[in-house]
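Below is one structure; the comments refer to it alone.
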Amino acid sequence: MELSQKVESLSEIEVTCLKALDLKELKGLDEIAGSARIPIDSVRRALEWLREKNLVEVVEEKDERLVLTAIGKSSLRKALPERLFVEALVELGGRGSLDQVRKKSQLNRPEFNVAMGIAKRNAWISITPGKETVLELTGLEKELLDGEYALEKVLKAVSEESRQLNEKALKEALKRTLVEAVMSVEKRARLNKEGEMALGMVGKVKKRSYNVHGAVPKIFIGKKQPYAQFLEQLRQKLVNLGFKEMKERLITQEFYNFDVLFQPQNHPARSWTDTYQLKQPKFGKLPDKKVVAKVKAAHENGGNTGSRGWGYKWSEEIASRLMPMAHGTAADSRQLVEGIEVPGKYFVINRCFRPDVVDASHLVEFNQFDGFIVGEGINFRHLLGILEKVAIEVGGADEVKFFPDYYPFTEPSVQLSAKHPKLGWIELAGGGVLRPEVVKPLGINVGAIAWGMGIDRLAMLKLGIKDIRYLFARDLKWLRKSKMVVE
Amino acid sequence: MPNVNVSLKDMQKLVGKRLSLADFKETVLYAKGEVEAVDGDSITVDIKDTNRPDLFSAEGIAREIRGRLTKDKGVPKYKVRTSSVSVIVDKSVAKIRPCIAAAIIKNVKINEETLIQMINSQEKVCMTFGRKRKEAAVGIYDWDKLKQPMHYRAYKPQAKKFIPLEYKFEMDLEEILLEHPKGKEYKHLLDGYSTYPIFEDSKGVVASMPPIINSQLTGKVSKKTKDLLVEVTGYSQKTVNTALNVMVSSLAERGFEVYSVKIKYPNKTIVTPDFLPKKVFVMAEDVRKVSGLDLDSKEIVNLLQNARYDARKKKGKIECLYPAYRDDILHPVDVIEDVLISYGFGKIKPKPMELAVEGKERPEGKRARVVREICAGLGLQGVLTYTMSSKAKQVEKIGLNAEKEQFVELANPISESYTVFRKRLYPELLQFLAENKHYAFPQKIFEVGKILELDSKAETRVSEKDRLCIAISGKGAEFTVIKGVLDAVADNLGLKYELKGNTEPALEKGKSASVAIGGKKGLVGEVNKTVLQSFGLEQPTAVLELEI
């Protein structure tokens, strides 16, 4: 490269740096940063560039420095074991048994043994063996007590970066890993001939052209949480498919979560281990007495539903217990009780709760998408039809298959497996024709089909997540980097 | 749903046909099963229906498959021989665990597979159908070690001793409940009684302590056992009979001989097992209506025969007799499902539906969406946190009084992090910031989510509210800035707001306020030093929380 070209390519920082350098004297980075008034990192970068352009000479000097280790620092702060040992003996009146000294000094066994060895080597103590070993100060411990102990002096000197060190004590300090040697590299730089010429040409040559390829500061835009956005989009799609949205609730009476859905009250799925229960508030209100009486009859003997029922005594108290929603279907049952339009298509996306151990594939809080359709002549084939449609249009499935399944509130019941372009065959949704024991007590005498879908897995797929916990990501960097889902 | 392990070789023997794995995968669907895993000859089947204990064994699955693949159709017939054995039920068990059913099985040849199937299906029948042994607990005994007649009666805790299963020494009944692992597990089923049920023989040799544990000496079955006694206890004769039928019919499927037992209650005597089929009527019209398939009565009858029903047309209806090992048919729709399974779900064509209805989003959903858009426009990053939280975050760290703060609270939390439902959003966002201190500042985040408050007027005693929370952290996160954010949010929602004195102790006095906006409430201000410290936050931080 021609010198003029080099000068032309100089950035402002490079020029500032050049101006701060001298032709003869080597200058350290700190010094350059100080006189040029730019950050030391900028100096470091600029020198790299200038060296590449062969305008400066950079000299690297390796330097070995002694520093205190963590143990060294704490020993300096709290005192060495041998000092604690001797001080303990002093407190004991200059004489004491092994046990007494150990207790008094509060040293642990290895520390105590080291401290005693050192004290003996320095002739600070005499040891009289016997039934009980007796330790006694000799008077030579004065050196230590007067602050003349060489090892302590070395530690202090190292901490003050002094270079005058007692060699023997330093050796011991290194051996006891109180002190260690660290290598550092110090860079110093000066102008070379070409650099000096270049400096003279700055300002006389046309300025460096703008570098469009350079890095620019990062901008973090404002955006929705990816999973929240996914759920919003899902809602929009369902509304577009003609579904009415039901109210999302987090707390429900067991009545809606279980009883309306014909789940018997002694069923293990209603137990402490399978669902969350509330300490407070404990009980909620039940709806209209007539509805409650009919649900009760459906459980006990079938009532007006044509069923023989479960054959047990149904309890209103159990039904009015409150709980966090265990599944989205509880929103269906509430809507069915509170009133529906016939024909009607309904859906909900509901936060649900289950006592599970949280890991890469389980959450204690998750979302379920549930829906139902009522209308004259609605049957099982329509259910398969809508499930297929939802799986393809919402779930992105290529192909679907149906298998028998079981839910307490539907009969016939079906499971939909979907072939997903990335996941292969997955169980995507379950549903069925709502049982007469569910709909008849509520005065619904037309066909009614219902289904539910775990949407968390779909969301994971769409957002490129392998660990389900990232749906509720607690990592700001990840959220900032996350892509906006288009669709 | 119960997982049942079967051996493909054993399955072929039971079905009486060569079955490839693919054949099995296809036909197990007729038993409401799905192959979960395959390991050599061993296959794990997931049985979907928890109310079909008859499918919880290889024998039961094979029985269903035979209905489809062989000429063995209709209700299976099992020969029950009469025996002189009786179980004498003492009135002392009437209030504790009143019902019992039993059968003797003779000339059994127990190989490895039979033993595994028997033990596994016993376990699953007790757990699922028996509601964790409460409604039905099954015991199987070595009949050669017992002398008839058998007695079912209650004893005081110290009045009886025996060696429980897998133990080497005798224990009394109380010791078993307190010390034996099964005693501890099922003790609650006998809570509140001063005597406990015992099943024993005429010499007083204990067979078991239902529903807790069998005796090590008589209640252990091995490959050498020749004759078996099977017994089920519970609260309903119908339930224990069904459970007994499930166990016994599986053994009968292996070709073993079944003998009946007389159950002598104080006031009546019955004979078990009772294999008399049960009856239900189905209308062909209802099958068509529910399924959407155009099936005539003859087709329905054939499909039901394959599904192990004895079905026939009778006076415009279809009379369906179903096996005594089933107790899941509550309503004709349950039969309709069996018709459809028999028909094959794979053959049913989905049907499109044209309903003239319009979709509608809920207003709160719409509002949340708009608020999120405003926040994104303000350059804030959306976050999502859990609605369940802890008192540490919701009370202690934000300087509130633990005794005054009431929450919607879990009775059975499994983690200290999730014990209550949150009442405020901002502690959750402060915690979020605390976990992200190492990333670039300023950090500006928001969440739209629910909070829960106790409300004695609500029908669930809880009022659930949607809130917006914004937190900004870093240099310049001052009151004027967060108030500017409040201005922007209010303006864009077309709302006016008023500020009043702040009562939230977490916010800096003089640099915070409570907000009244569109008839709803909120708060705004700088988070004070103590609270910043309690979350470990080093940068100045300001928050805004509004009900939306």
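The values are calculated or read from the model by the stated rules, or taken from the named source; none is laboratory data. Everything numeric here is computed off the predicted structure, so don't read it as measured data. Positions of Cβ are generated from backbone atoms using ideal geometry, with glycine treated the same way; all protein chains shown enter the neighbour counts.
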Task: Qualifying positions in the range A:382-427 - at pLDDT below 90, buried (at least 22 other Cβ atoms within 10 Å of the Cβ) and over 19 Å from A:ILE349 (Cα atoms) - done: A:ALA397, A:ALA418
Task: Residue satisfying condition, being in contact with a strand residue (DSSP E or B) (Cβ under 8 Å, 6 or more places away or on another chain), of a type in the set (Val, Ile, Thr) and within 14 Å of chain A (Cβ to nearest Cβ), within set B:VAL271, B:VAL290 - done: B:VAL290
TODO: Identify the residue in the range B:78-113 that is part of a loop (DSSP other than H, G, I, E, B) and of a type in the set (D, E, K, R) and, among all such residues, is nearest to B:GLU253 (Cα to Cα).
DONE: B:LYS79
- [ ] Being part of a strand (DSSP E or B) and without any contact (Cβ under 8 Å) to a residue 60 or more places away in the chain is the filter; apply it to the range B:369-390 and report the residue that is farthest from the other protein chains (Cβ to nearest Cβ).
- [x] B:SER389
- [ ] With the condition kept exactly as written, say whether any residue in the range A:252-269 is of a type in the set (D, E, K, R) and either under 24 Å from B:ASP334 (Cα atoms) or modelled with pLDDT under 95 (or both).
- [x] yes
TODO: State whether the residues of the range A:447-465 include one that is basic (Lys, Arg), over 19 Å from B:TYR386 (Cα atoms) and more than 14 Å from chain B (Cβ to nearest Cβ).
DONE: yes
Task: Every pair of residues 6+ apart whose Cβ atoms lie under 6 Å, when the first sits in the range A:408-420 and is facing another protein chain (nearest Cβ under 9 Å) while the second is part of a loop (DSSP other than H, G, I, E, B) and hydrophobic (A, V, I, L, M, F, W, C) - done: A:PRO408/A:PHE262
Open item on the list: Criterion first (touching a helix residue (DSSP H, G or I) at 6+ places or on another chain (Cβ under 6 Å), within 30 Å of A:ALA33 (Cβ to Cβ) and within 14 Å of chain B (Cβ to nearest Cβ)) does A:PHE220 satisfy it?
Closed with: yes
Open item on the list: Please go through the range A:384-400 and give me each residue that is assigned to a helix (DSSP H, G or I) and more than 8 Å from chain B (Cβ to nearest Cβ), ordered by number.
Closed with: A:VAL390, A:ALA391, A:ILE392, A:GLU393
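Out of the range B:500-548, which residues are among the polar types (S, T, N, Q) and either without any contact (Cβ under 8 Å) to a residue 40 or more places away in the chain or under 17 Å from B:GLY399 (Cβ atoms) (or both)?
B:ASN502, B:THR503, B:SER512, B:SER514, B:ASN528, B:THR530, B:GLN533, B:SER534, B:THR541, listed by residue number.
Inside the range B:391-413, can you point out the residues that are part of a loop (DSSP other than H, G, I, E, B) and under 20 Å from B:LYS450 (Cα atoms)?
Scanning the range B:391-413 gives B:VAL395, B:GLU405, B:GLN406, B:PHE407, B:VAL408, B:PRO413.
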Open item on the list: Against the definition (touching a Leu at 6+ places or on another chain (Cβ under 9 Å) and either at pLDDT 95 or above or assigned by TED's automatic domain parsing to the domain that holds B:PHE407 (or both)), how does B:LEU303 come out, yes or no?
Closed with: yes
Task: Among residues of the range A:308-355, those that are of a type outside the set (Phe, Trp, Tyr), facing chain B (nearest Cβ under 8 Å) and part of a loop (DSSP other than H, G, I, E, B), counted - done: 6
Task: Hits in the range A:77-110 - residues which are closer than 25 Å to A:LYS131 by Cβ, surrounded by fewer than 19 Cβ atoms within 10 Å (Cβ to Cβ) and not polar (S, T, N, Q) - done: A:VAL90, A:GLU91, A:LEU92, A:GLY93, A:GLY94, A:ARG95, A:LEU98, A:ASP99, A:LYS103, A:LYS104, A:ARG109, A:PRO110
Task: Close pairs from the range A:373-400: first outside the structural domain of A:LYS244 (by TED's automatic domain parsing) and over 14 Å from A:SER417 (Cα atoms), partner modelled with pLDDT of 85 or more and surrounded by fewer than 23 Cβ atoms within 10 Å (Cβ to Cβ), Cβ under 8 Å, at least 6 apart - done: none
Task: Residue that is farthest from the other protein chains (Cβ to nearest Cβ), among those in the range A:236-260 that are charged (D, E, K, R) and part of a helix (DSSP H, G or I) - done: A:ASP259
Open item on the list: Residues that are within 12 Å of chain B (Cβ to nearest Cβ) and under 18 Å from A:LEU423 (Cβ atoms): does the range A:467-480 have at least one?
Closed with: yes
- [ ] List every residue pair whose Cβ atoms sit under 9 Å apart, with the two residues 6 or more apart in sequence or on different chains, where the first one lies in the range B:287-298 and is without any contact (Cβ under 8 Å) to a residue 40 or more places away in the chain and of a type in the set (Val, Ile, Thr) and the second, anywhere, is in a helix (DSSP H, G or I) and buried (at least 21 other Cβ atoms within 10 Å of the Cβ).
- [x] none
TODO: Using the structure shown, decide if B:ALA252 is away from every other protein chain (no Cβ under 14 Å), within 14 Å of B:VAL75 (Cβ to Cβ) and outside any helix (DSSP H, G or I).
DONE: no
- [ ] Name, by its number, the condition in (1) surrounded by fewer than 16 Cβ atoms within 10 Å (Cβ to Cβ); (2) under 30 Å from A:GLN280 (Cα atoms); (3) in contact with a strand residue (DSSP E or B) (Cβ under 8 Å, 6 or more places away or on another chain); (4) touching a residue at least 24 places away in the same chain (Cβ under 8 Å) that does not hold for B:GLU416.
- [x] (3)
- [ ] Taking the options B:LYS475, B:LYS457, B:LYS465, B:LYS437, name whichever one is assigned to a loop (DSSP other than H, G, I, E, B), under 34 Å from the mean Cα position of the chain (by Cα) and surrounded by fewer than 18 Cβ atoms within 10 Å (Cβ to Cβ).
- [x] B:LYS457
Task: Subset of the range B:345-363 (residues that are farther than 12 Å from A:GLY344 by Cβ, among the basic types (Lys, Arg) and not in a helix (DSSP H, G or I)) - done: B:LYS349, B:LYS351, B:ARG362
Open item on the list: Which condition from (1) within 30 Å of A:LYS285 (Cα to Cα); (2) at the interface with chain A (Cβ under 8 Å from one of its Cβ atoms) is the one that B:GLN443 breaks?
Closed with: (1)
TODO: Of all residues in the range A:339-353, count the ones that are closer than 25 Å to A:GLU365 by Cβ and either surrounded by fewer than 18 Cβ atoms within 10 Å (Cβ to Cβ) or of a type outside the set (D, E, K, R) (or both).
DONE: 7
Task: Test: B:ILE329 is within 29 Å of the chain's Cα centre (by Cα), closer than 18 Å to B:VAL28 by Cα and within 11 Å of chain A (Cβ to nearest Cβ) - done: no
Task: Failed condition for B:GLU364, given (1) more than 7 Å from every other protein chain (Cβ to nearest Cβ); (2) within 23 Å of B:SER473 (Cα to Cα) - done: (2)
Open item on the list: Taking the condition of being surrounded by fewer than 17 Cβ atoms within 10 Å (Cβ to Cβ), within 8 Å of another protein chain (Cβ to nearest Cβ) and under 21 Å from A:ASN445 (Cα atoms), how many residues in the range A:269-307 meet it?
Closed with: 1
Task: Which numbered condition A:LYS204 fails, given (1) modelled with pLDDT under 85; (2) of a type outside the set (Asp, Glu); (3) outside any loop (DSSP other than H, G, I, E, B) - done: (3)
